[in-house]
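Visitor: Would you mind keeping the following structure in view while I ask a few things?
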Amino acid sequence: MSSIEMPEPDARVLGNRDAILKALAEALPADGLITDPHQTLAYECDALTAYRCPPLAVILPATTEEVSQALKICHQLGVKVVPRGAGTSLAGGSLATADSVIIGTSRLRDTIEVNYPDRYIRVQTGVTNLSVTQSVENDGFFYAPDPSSQLACAIAGNIAMNSGGAHCLKYGVTTNNLLGVTLVLADGEVVELGGAHMDAPGLDMLALICGSEGQLGIVTEATLRILPKPEGARPVLIGFDDAETAGECVAQIIKSGVLPVAIEYMDRLCIQVVEDFTAVGYPLCEALLIVEVEGSEAEIAVQIERIEKIALALDPREFRVSQSLEQSELIWKGRKSAFGAMGRLNDYLCLDGTVPVSALPLTLRRIGELAQEHQMEVANVFHAGDGNMHPLILYNANLEGDFERAEQLGAAILKLCVEVGGCLTGEHGVGIEKRDLMYEQFSPDDLEAMMQVKDVFDPDWMLNPAKVFPLNASAARRSLIATQGAAK
Amino acid sequence: MNAAITPCSEAELQDVVKEAASQSAPFRISGGGTRANIGQPVAGQTLSTNALSGVDLYDPGALTLVVGAGTSIQDIEDTLAGEQQMLAFEPMDHRSLLGTNGAPTIGGVVAGNVSGPRRLQAGACRDALLGVRFVDGRGRQLKSGGRVMKNVTGLDLARLMCGAFGTLGVLSQVALKVLPRPERAATLVIDNLADAATVKVFCKALSTPFEVSGAASIDGRAYLRLEGLDVQVGDRLTRLREYLDEGGEVIDGDAHHALWRNIRDVRHFADTGGSIWRVSVKPTDAPRLLTTVQRELDAKTSLDWGGGLVWIQVPQETSESAAGVIRSAIGQGHATLIRASTELRQKTPVFQPESARLTKISTQLRAQFDPHNILNPGLMAA
Ligand SMILES: Cc1cc2nc3c(=O)[nH]c(=O)nc-3n(C[C@H](O)[C@H](O)[C@H](O)COP(=O)(O)OP(=O)(O)OC[C@H]3O[C@@H](n4cnc5c(N)ncnc54)[C@H](O)[C@@H]3O)c2cc1C
């Protein structure tokens, strides 16, 4: 089952397999190279598990220098490279092709520098998102972007996808918290972008790299901004009988001048599944908001008072303030385990479109209608404060054709997001998943301009090709190497 | 000088640029013209964005503002004030420092990634930028980003445009994230600190959870700004003062607003001679840089962004040697010659020279977006 096409592997590269592996083995330490087909199988997919393909080889460098060596060889031999962090991409961003090698960050694990006076940390990009916060939290600091996958996902993938999380409403996403990177270009040359200072000297290439999905180079080190931990935080649960009122509540809170750190949303189906799984005590209702505020006790009290006033005027089914640290943890435990809980019951496709906050109620209604038309079930759990939706389309992988139906409904929902003024993806990236929908949001000229930027960084289109841009749009560029390769 | 060309719509803008591209006729792109003398001097017909103005969408409940690039900052601030909101990045007004007239526009602010003291806490202009529409040097009408808060669809060309000073495209529309205005603001002022001690105090203050939203120092006076809810500011001010243990008095009320406007606009160097440098550094590197330029250039200095932004006023006598002295004294960071005579700018790389490879990438990026070299040609050249 697979309705997303991947290009045919390059026969020239497949035929040259032995020479390629030999060249890599000569240049790289033995423990950093995996060529045994049984072992490369572990790298055949990311979190978009419906699509699988083991690579030619997997390279796991431990230094920037080794990444550079590996890229030089791939560049010389015309081998495509798929950069990979922890492989938690939901968009197929780190899916390999049979004629590519994966360069993974799992051995790039060092923390290089922690600097509290200047408030940054410098790490190799294979460290996990959570471990960054863990290395500074005993000293009262944290790293703000907090994807739900933070236990597993790597800073490398966070930078490539410009990942966000529940607390981005206040603190921004990766691009707002990234100060500098070491980038290895497709030909192996190493460049430094940014550093511990706060803005770019010339063109803002750091911004270009962040969110570029492994299209422009391999990021081996990063300087990340760390922030002092807030004195305290407290979530509030607000339950409503319909999505419209919940949406209205979100807009009014934002307008009121209180800026919560997070406003999360769950619908009835999701609440039910989470309750069955974790019994965190959510009220069962049509639309549940988790609103979290931060500060000292006095500051929290004032903010909650205001939120309460707004919410009560909208006649909620439930308004419940967390009374203890334990209760707060439970509330967040439920939210953070939502995807996992869903996954135990069903296969699901997780979408990631963003819409204007004011369009949330309309979008939710239309998603319900589309789901009915397609005869599928959709659960909603998402970041309401910034309009970043995560409709989960439930399907049964064992049922012939069900996955394809889910994909069709997914495409319809993403088109809807664009229609109401939003975009295809708020934080998961385009990858292969939304690649062929890009025309919904961009004109051919827009896409051409982006591809011209890739041309500058990766003239032969060797880095993660066949992603992000519709296959037909990138076809000529991707075949450059096949037609010129022999001559090189 | 020729009269400015002032397109009234994106379509007109596109026609004008296409025409110029076909003849390789260069443009000097201008909003309010208040930052016209930043960068290398540019020769060319003036292309004004002034008629591409007005609020296209303002959704206070979604913290979103979409405006024409030629919209004046004043109009934007008035619009936002009606809903108790603001541009959180607090864009600097360059008029007094550069001695220019006119009305600053949002297009100029975005093109220069112009941010003020609150950059420290709320991010720069580029952080608030949600999307742009622009016409590139090929005459293509392009867009990147959109109007929503989170968007990772495709490469981030919007942020690439921010800080490119118009050399990649003429902005026609920008979408920005706005924030609620703080209910109250107050500043702790600490006197008689040497530069090194000032930066120490900043580092200490910025490591507290009090969300200090301004940390600047002029003439030995350090200013630490707190903003937020009514209860928040009073309480935090008391606790910050205790924690720093440096004494200090509090400024609030009307004087407060003027104080930070002056800091934002670097008023203290407005009526000076010589040249002005703007240096972005790692905060703890700042004291060493200050010592060097005070000693070797007889320069005057001030700090913003907790020490991360250094303003240097270099007297006429040492202006010629300033670039070398300043740039070799920076650790991590970069220096921009923000105000100087045309002759000095022609002799000096205004923007920090980059490594050979990054220069090549910049040149190639410009060639993709502006192959005929017609958009502010040479403005950012080293
Ligand atoms: C249960 C679950 C919950 C999730 N929740 C969130 C969430 O809340 N917010 C969110 O934003 N995302 C979320 N994600 C998606 C995913 O975790 C993020 O996209 C994450 O940043 C991917 O990191 P990774 O290290 O796993 O990267 P990978 O999946 O390995 O790779 C992701 C992309 O990065 C590229 N890449 C990897 N390493 C490099 C490198 N060194 N240089 C250049 N490019 C590179 C790859 O080619 C690929 O395109 C979730 C995923 C799952 C499975």
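The values are calculated or read from the model by the stated rules, or taken from the named source; none is laboratory data. Quantities reported herein were computed from a predicted structural model and do not represent experimental measurements. Cβ sites come from the backbone with ideal geometry, for glycine too, and all protein chains shown count toward neighbours. Heavy atoms of the whole protein, side chains included, go into the accessibility calculation; ligands, DNA and RNA do not. Shrake-Rupley method; radii C 1.70, N 1.55, O 1.52, S 1.80 Å.
Visitor: Which pairs have Cβ atoms under 7 Å, sit 6 or more apart or on different chains, and link a residue in the range B:276-291 that is closer than 20 Å to B:V350 by Cα to one that is modelled with pLDDT under 95 and among the charged types (D, E, K, R)?
Guide: Every condition considered, the pairs that remain are B:S280/A:D199.
Visitor: Restrict the check to the range B:4-17 and report whether at least one residue is assigned to a strand (DSSP E or B), modelled with pLDDT of 95 or more and more than 30 Å from B:G273 (Cβ to Cβ).
Guide: Yes; the residues of the range B:4-17 include at least one that is assigned to a strand (DSSP E or B), modelled with pLDDT of 95 or more and more than 30 Å from B:G273 (Cβ to Cβ).
Visitor: Do we find that A:D402 is within 14 Å of chain B (Cβ to nearest Cβ) and either modelled with pLDDT under 95 or surrounded by fewer than 20 Cβ atoms within 10 Å (Cβ to Cβ) (or both) in this structure?
Guide: Values: within 14 Å of chain B (Cβ to nearest Cβ): no; either modelled with pLDDT under 95 or surrounded by fewer than 20 Cβ atoms within 10 Å (Cβ to Cβ) (or both): yes.
Here the answer is no, as A:D402 does not meet what is asked.
Visitor: Among the residues of the range A:79-90, write down those that are within 7 Å of the ligand (Cβ to nearest atom) and either among the basic types (K, R) or open to solvent by less than 10 Å² (accessible area, probe 1.4 Å) (or both). Break it down stepwise before answering.
Guide: Our first condition is that a residue be within 7 Å of the ligand (Cβ to nearest atom); within the range A:79-90, this holds for A:82-90.
A:V82, A:R84, listed by residue number.
Visitor: Next question, about the same structure. For A:H390, work out the one condition from (1) more than 16 Å from the ligand (Cβ to nearest atom); (2) touching a strand residue (DSSP E or B) at 6+ places or on another chain (Cβ under 6 Å) it doesn't fulfil.
Guide: (1)
Listed here are the residues, each with its yes/no results for (1) basic (K, R); (2) more than 26 Å from A:Q252 (Cα to Cα); (3) open to solvent by 20 Å² or more (accessible area, probe 1.4 Å).
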| position | (1), (2), (3) |
| --- | --- |
| B:R181 | yes, no, yes |
| B:K204 | yes, yes, yes |
| B:F210 | no, no, no |
| B:G214 | no, yes, no |
| B:I218 | no, yes, yes |
| B:L226 | no, no, no |
| B:L229 | no, no, no |
| B:L244 | no, yes, no |
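Visitor: A:I413 is checked against (1) open to solvent by less than 30 Å² (accessible area, probe 1.4 Å); (2) within 9 Å of chain B (Cβ to nearest Cβ); (3) under 26 Å from A:L351 (Cβ atoms) and fails just one. What number does that condition carry?
Guide: Checking A:I413 against (1) open to solvent by less than 30 Å² (accessible area, probe 1.4 Å); (2) within 9 Å of chain B (Cβ to nearest Cβ); (3) under 26 Å from A:L351 (Cβ atoms), the one that fails is (2).
Visitor: Exactly one condition in (1) within 12 Å of the ligand (Cβ to nearest atom); (2) surrounded by fewer than 20 Cβ atoms within 10 Å (Cβ to Cβ); (3) of a type outside the set (D, E) is not met by A:Q76; state its number.
Guide: (1)
Visitor: Confirm whether B:V170 is crowded, with 22+ Cβ neighbours inside 10 Å and under 30 Å from A:G232 (Cβ atoms).
Guide: It is false that B:V170 is crowded, with 22+ Cβ neighbours inside 10 Å and under 30 Å from A:G232 (Cβ atoms).
Visitor: Of these, A:T182, A:T128, which one is within 12 Å of the ligand (Cβ to nearest atom) and either acidic (D, E) or open to solvent by 10 Å² or more (accessible area, probe 1.4 Å) (or both)?
Guide: Values: A:T182 fails: either acidic (D, E) or open to solvent by 10 Å² or more (accessible area, probe 1.4 Å) (or both).
Result: A:T128 is the single residue among A:T182, A:T128 that is within 12 Å of the ligand (Cβ to nearest atom) and either acidic (D, E) or open to solvent by 10 Å² or more (accessible area, probe 1.4 Å) (or both).
Visitor: Another question, then. Check A:I121 against each of (1) surrounded by fewer than 23 Cβ atoms within 10 Å (Cβ to Cβ); (2) more than 13 Å from the ligand (Cβ to nearest atom) and name the one condition it does not meet.
Guide: Of the numbered conditions (1) surrounded by fewer than 23 Cβ atoms within 10 Å (Cβ to Cβ); (2) more than 13 Å from the ligand (Cβ to nearest atom), the odd one out for A:I121 is (1).
Visitor: Quick one: would you say B:A335 is part of a helix (DSSP H, G or I) and either open to solvent by less than 10 Å² (accessible area, probe 1.4 Å) or under 24 Å from B:F89 (Cβ atoms) (or both)? Don't jump to the end; show me each part of the working.
Guide: Details: part of a helix (DSSP H, G or I): no; either open to solvent by less than 10 Å² (accessible area, probe 1.4 Å) or under 24 Å from B:F89 (Cβ atoms) (or both): yes.
Criteria not met by B:A335.
Condition check ((1) modelled with pLDDT under 95; (2) of a type outside the set (V, I, T)) across all residues:
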site	(1), (2)
A:L208	no, yes
A:G211	no, yes
A:G214	no, yes
A:D241	no, yes
A:L259	yes, yes
A:I263	no, no
A:T278	yes, no
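Visitor: Any idea how many residues of the range A:438-448 are surrounded by fewer than 16 Cβ atoms within 10 Å (Cβ to Cβ) and more than 7 Å from chain B (Cβ to nearest Cβ)? Break it down stepwise before answering.
Guide: First, the residues of the range A:438-448 that are surrounded by fewer than 16 Cβ atoms within 10 Å (Cβ to Cβ): A:439, A:443-445.
Those still in the list that are more than 7 Å from chain B (Cβ to nearest Cβ) too: A:439, A:443-444.
Counting residues in the range A:438-448 that are surrounded by fewer than 16 Cβ atoms within 10 Å (Cβ to Cβ) and more than 7 Å from chain B (Cβ to nearest Cβ) gives 3.
Visitor: Kindly provide the set of residues from the range A:37-68 that are in contact with a strand residue (DSSP E or B) (Cβ under 6 Å, 6 or more places away or on another chain), of a type outside the set (A, V, I, L, M, F, W, C) and outside any loop (DSSP other than H, G, I, E, B), ordered by number.
Guide: Taking the range A:37-68 and keeping what is in contact with a strand residue (DSSP E or B) (Cβ under 6 Å, 6 or more places away or on another chain), we get A:40, A:43, A:55-60, A:64, A:67-68.
With of a type outside the set (A, V, I, L, M, F, W, C) added as a condition, the list becomes A:40, A:43, A:55, A:64, A:68.
Within the range A:37-68, A:T40, A:Y43, A:T64, A:S68 meet the criteria.
Visitor: Give me a count of the residues in the range A:185-205 that are within 13 Å of the ligand (Cβ to nearest atom) and crowded, with 22+ Cβ neighbours inside 10 Å.
Guide: Residues in the range A:185-205 being within 13 Å of the ligand (Cβ to nearest atom) and crowded, with 22+ Cβ neighbours inside 10 Å: 2 in total.
Visitor: Conditions first: (1) more than 15 Å from the ligand (Cβ to nearest atom); (2) away from every other protein chain (no Cβ under 14 Å); (3) over 23 Å from A:L151 (Cβ atoms); (4) not aliphatic (A, V, I, L, M). A:N115 passes all but one, so which condition is the exception?
Guide: A:N115 satisfies all of (1) more than 15 Å from the ligand (Cβ to nearest atom); (2) away from every other protein chain (no Cβ under 14 Å); (3) over 23 Å from A:L151 (Cβ atoms); (4) not aliphatic (A, V, I, L, M) except (2).
Visitor: Now, a different point. Identify, please: which residue in the range A:142-166 is under 17 Å from A:P228 (Cα atoms) and near the ligand (Cβ under 10 Å from one of its atoms) and is, among those, surrounded by the most Cβ atoms within 10 Å (Cβ to Cβ)?
Guide: Result: A:P145.
Visitor: Next up: Taking the range B:350-369 on its own, how many of its residues are open to solvent by 10 Å² or more (accessible area, probe 1.4 Å), part of a loop (DSSP other than H, G, I, E, B) and within 21 Å of B:G108 (Cα to Cα)?
Guide: The total comes to 2.
Visitor: Considering only the range B:123-151, state which residues are touching a strand residue (DSSP E or B) at 6+ places or on another chain (Cβ under 6 Å), touching a residue at least 60 places away in the same chain (Cβ under 8 Å) and open to solvent by 10 Å² or more (accessible area, probe 1.4 Å).
Guide: B:L130, B:R133, B:Q141, B:R147 - these are the residues of the range B:123-151 that are touching a strand residue (DSSP E or B) at 6+ places or on another chain (Cβ under 6 Å), touching a residue at least 60 places away in the same chain (Cβ under 8 Å) and open to solvent by 10 Å² or more (accessible area, probe 1.4 Å).
Visitor: Right, here's the next one. Which number in (1) within 27 Å of B:P371 (Cβ to Cβ); (2) within 12 Å of another protein chain (Cβ to nearest Cβ); (3) open to solvent by 20 Å² or more (accessible area, probe 1.4 Å) marks the one condition that B:G154 misses?
Guide: With respect to (1) within 27 Å of B:P371 (Cβ to Cβ); (2) within 12 Å of another protein chain (Cβ to nearest Cβ); (3) open to solvent by 20 Å² or more (accessible area, probe 1.4 Å), B:G154 is out only on (3).
Visitor: Taking only the range A:449-467 into account, find how many residues are at the interface with another protein chain (Cβ under 8 Å from one of its Cβ atoms) and either open to solvent by 30 Å² or more (accessible area, probe 1.4 Å) or within 14 Å of the ligand (Cβ to nearest atom) (or both).
Guide: To start, the set of residues in the range A:449-467 that are at the interface with another protein chain (Cβ under 8 Å from one of its Cβ atoms) comprises A:449-450, A:452-457.
Cutting the leftovers down to either open to solvent by 30 Å² or more (accessible area, probe 1.4 Å) or within 14 Å of the ligand (Cβ to nearest atom) (or both) gives us A:454-455, A:457.
The number of residues fulfilling the criteria is 3.
Visitor: Among the residues of the range A:41-50 satisfying the criterion of being of a type outside the set (A, V, I, L, M) and surrounded by 19 or more Cβ atoms within 10 Å (Cβ to Cβ), which is farthest from A:L399 (Cα to Cα)?
Guide: Let us first name the residues in the range A:41-50 that are of a type outside the set (A, V, I, L, M), namely A:43-46, A:49.
With surrounded by 19 or more Cβ atoms within 10 Å (Cβ to Cβ) added as a condition, the list becomes A:43, A:45-46.
Numbers: A:Y43: 26, A:C45: 21, A:D46: 22 Å.
Top of the filtered list is A:Y43.
Visitor: Then there's this: Going through B:L358, B:L337 one at a time, which residue ends up being under 23 Å from the mean Cα position of the chain (by Cα) and free of Cβ contacts under 8 Å to residues at least 24 places away in the same chain?
Guide: Numbers: B:L337 fails: free of Cβ contacts under 8 Å to residues at least 24 places away in the same chain.
Just one listed residue meets the conditions, B:L358.
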